[in-house]
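Working notes, beginning with the structure itself.
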Amino acid sequence: MNGIVLFLAVALTSGLLMASAVNLPGVPVDFEVDDKVLSAIADDIAERLAKEYVTYLKTGVETAAFKKLTQQLAKSHSQKDIFTRNMPDLEPRDSFFVCVACRSVMRVFIRTIREEEGELHGEGSSVLMKDFAMDFCRRLNLQTDEVCEGLIDSNLPSVEYIMRNSESDSQSFCSLFMEFSFCNTGTNQDYNWTLTVDNSVPTLTSSKADTDRYSESDLKICQFTDIHHDPLYEPGSLASCAEPMCCQRNKDTVEGTSDAAGYWGDYRDCDLPWHSFESALDNAVANHKCDYVYQTGDIVDHMVWATSVEKNTAVLTKVSQRLNEAFGDVPVYPCIGNHEPHPLNLFSPEGVPDEISTKWLYEHLYNDWSKWLPEETKETILKGGYYTVSPKKGFRIIALNSNDCYTDNFWLYHSGTDKIPQLQWFHDTLLAAEKAGEYVHVLTHIPSGDGTCWSVWAREFNRCITRFSSTISGIFTGHSHKDEIFVYYSDEGHATAVAWNGGAVTTFSNKNPNYRVYDVNPTSFVVTNHRTWIYNLTEANLTPDEQPEWFEEYQFMKEFTEDTSPAGIDKLLDELASNPELMRKYWRFRVTQGDPYLQGGCDRTCLSGSLCRAAVTVNTQTGRCEELRAKLYAALDNEGNTTPGDGGDTTPGDGGSSPGTTPGDNGDGGGGSATLSLISISSLLAVVLAMRLSF
């Protein structure tokens, strides 16, 4: 992946793109026999590969065993999925490969960088590190040379610093990087801390209920999330390519064919052209009177191997200026996504050298955001990309930088404790709001139950949500590119809050562009309804000279429930589990009725994965998920196996957890898994036997 072997292989093999996760170092994991066996096999192969690689680095000699092992590994994985899927959502063979690569790369790093006699130990060894990383990328067929070199060049300085200034070993690193898989075996108490949470109020004894219902006088809050504008998007260019993102090149060879990118966007692995973003803004301004606008992160595209300070800042400012032009005096409240920095995903702590520090990004964002935010937000934005503001009396917004929990943020491996200050500030700000009688909206890019969010951070975040459930009126997220909801629960199982995920303006991947309009009570600031607006990409691309036909896809209260309290949404989850047709409707809206999704359908595993996503906000706490899944499977069994809409192949990029997986949801960063099923293990048999029996 990023930089040197260690992060390189890890970053490249895991896909720097959108996710990862596992049971963090410091959090005990009860492995089943299958997990232990898989982990031991992966460790055996990783150690063989590491030893062979160190020998090769020392002598320059490629042994027959080295060649055979690397050739077998190169054939054992997909090439694109390890870059475009989240770690918990990889197929078993890819998950096994990434675990092996992660552990072996870490061991090579440790032995060659940290040991005094190591080949990569001395200062000025960056050239050798890059050579090694490129060799690893090519031998194991990770991606194209262009992608590998771009990722290595951008990540190498940060990775080198982290490797030289941390004590992570292969087990603890890979356990955090692949937190919800058999690969998680590490322990590190620096990664298992607890916040100091105020206990001056009684413990909750029931779910939060009886919140305000919809009224014509409600405020309107418009949400635009995951815009992912691609400044290089070229209509008619190649939409199916080897790289993680397409729709930029080879127009002369594919224009007019089915491989050509559409004018208004494309369902394949492509991001958003500028004219599509402008169309979304124009439609929102023409059809809604937004009182506030929430922009919940990820403005920069998925061309992860070709980011730069210049490119990223240009896109960030262009989008910021266009939002300001569109909405004028309407305040816009943004939060930061994982795609904003260069290198991608990397958010450094304070006190590191300027050349690898993220402070340039925070300074730039404050300059862009200062048109909407008061000067008192400057201190925390420059400190870590987070802030709080009170738009009106009795109402407060807290915007977090949730990349502190992002397991693709390699600075997480530098230290587990430097992620405490922002969460403690979050707690303290909520406590002050409670004392002031304010209601709070929380903006955070990465949902805490996402497969990319470190479970310890999520656990402590969830404790804050439980403690201040009476103060928090709504949580607004992005990142997954899905139109979905998340219910927060106390340790006793009481529903405490609801997070509303706004989908994505981008089409990446297989989805229709969308934005969201919330109806919000003007006194309690609870969400009473929301309306999702989309256009159908297939139809829009038939008439490139005409504006897309935006339409209201659905209203939440009309299709599901008028009771949007945490108790009401928790009750809705039971209804979804008991009524497969209602669950299928939820799934169709969840994927913005993208044509590829609808053509593929959603089988029982896909449906359960989508449902579990809504019930998990800490990936190590899956009791509610398991309860709902059992109820859904019973309802599906009663319904029969031939009911229209149930069955069929899941569309690539969406799916769910296998029967032995919790909670999972392919392609959207959902959930994770502590175990692989027996079926999954058997699918690895050929790969494992080929590698082990050869030596």
If amide H atoms are built 1.01 Å from N in the plane of the peptide, which residues on other chains or at least 5 residues away come under 5 Å of the amide H of Ile475?
Val442, Val498, Trp500
Please list, ordered by chain and number, the residues whose modelled amide H lies under 5 Å from the amide H of Tyr515; skip anything fewer than 5 residues away on the same chain.
Trp533
Would you kindly state how much longer the chain becomes between Lys67 and Val309 on full extension, computed as 0.36 nm times their sequence separation minus their alpha carbon distance, in nm to one decimal?
83.2 nm
Could you give the length gained on full extension between Ala286 and Glu539, defined as 0.36 nm per residue of separation minus the Cα-Cα distance, in nm?
89.0 nm
With every protein chain present, what is the per residue accessible area of the range 347-442 (1.4 Å probe, Å²)?
37
At most 15 other Cβ atoms within 10 Å and a DSSP loop assignment: could you name the trypsin sites (Lys or Arg not before Pro) in the range 366-420 that fit?
Lys371, Lys393
Give a residue-ordered list of calculated ³J(HN,Hα) values for the range 352-363 (Karplus: 6.51 cos²θ - 1.76 cosθ + 1.60, θ = phi - 60°; whole Hz; x for Gly, Pro).
8, x, 4, 5, 10, 8, 8, 5, 4, 5, 4, 5
Expressed in angstrom and ordered largest first, the alpha-carbon extents of the range 497-559 along the principal axes are 44, 20, 19
Sort out the exposed loop GluC sites (Glu not before Pro) in the chain (DSSP loop, at most 15 other Cβ within 10 Å) and tell me the longest stretch that has none.
351-491
Compute the long axis of helix 604-615 from its Cα atoms, compare it with the longest principal axis of the Cα atoms of the chain, and write down the angle in degrees, 0 to 90, nearest 10.
70
In whole Å, what are the extents of the range 389-514 along the principal axes defined by its C-alpha atoms, from largest to smallest?
45, 36, 31
Report the label-to-label distance for Val37 and Thr55 in nanometres (one decimal), using points 7 Å from each Cα along the Cα→Cβ vector.
2.9
What is the sum of charges, Lys and Arg at +1 and Asp and Glu at -1, for the other residues whose Cβ falls under 12 Å from the Cβ of Cys246?
-4
Enumerate the calculated ³J(HN,Hα) couplings along the range 336-341 in order (Karplus 6.51 cos²θ - 1.76 cosθ + 1.60, θ = phi - 60°), each rounded to whole Hz, writing x wherever the residue is Gly or Pro.
9, x, 6, 8, 5, x
Taking a point 7 angstrom from the Cα of Arg322 along the C-beta vector, which residues in the range 229-262 have backbone N less than 15 Å away?
229-235
Rank-order 104-114, 194-204, 516-526 by packing density, defined as the average count of other C-beta atoms within 10 Å over each peptide's residues, highest first.
104-114, 516-526, 194-204
How big is the range 360-404 by Rg and Dmax over its Cα atoms, in Å?
10.5, 34
Rounded Å value of the spacing that divides the Cα centres of the range 169-236 and the range 252-293
28
Distance in nm between Ala242 and Ser78 label points, each 7 Å along Cα→Cβ, equals 1.8
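In Å², and per residue, what accessible area does the range 129-172 have when probed at 1.4 Å with the other protein chains present?
Accessible area per residue, the range 129-172: 34 Å².
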Could you check how much of the accessible area of the chain is carbon and sulfur, as a whole percent, using a 1.4 Å probe?
48
Dividing the surface of the Cα convex hull of the range 250-357 by four yields a projected area in nm² of 9.3
For the range 181-310, what is the Kirkwood hydrodynamic radius in Å, using each pair of distinct C-alpha atoms?
19.7
Relative contact order for the range 395-493: what percent, with Cα pairs under 8 Å and sequence separation of 6 or more?
33
Of the options Trp550, Ser473, Asn536, report the single residue whose Cα projects farthest towards the positive end of the charge dipole of the range 469-595 (beta-carbon charges: Lys, Arg +1; Asp, Glu -1).
Ser473
D (Stokes-Einstein, µm²/s), Kirkwood Cα radius, the range 323-403, 0.692 mPa s at 37 °C
243
Dipole size in debye (nearest 20) for the chain around its Cα centre, Lys and Arg Cβ +1, Asp and Glu Cβ -1?
840
Per residue accessible area in Å² of the range 209-289, where ligands, DNA and RNA are left out and the probe is 1.4 Å:
40
Nitroxide proxy distance, nm - points 7 Å out along Cα→Cβ at Lys383 and Asp329:
3.3
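How large is the convex hull of the C-alpha atoms of the chain per residue, in Å³?
146
The values are calculated or read from the model by the stated rules, or taken from the named source; none is laboratory data. Predicted model, so just to flag it, every value in this text is computed and none were measured. Cβ: placed from backbone, ideal geometry, glycine included. Neighbour counts: every protein chain shown. Remember, those area values only see protein heavy atoms, side chains included, never the ligands or the DNA or RNA. Shrake-Rupley method; radii C 1.70, N 1.55, O 1.52, S 1.80 Å.
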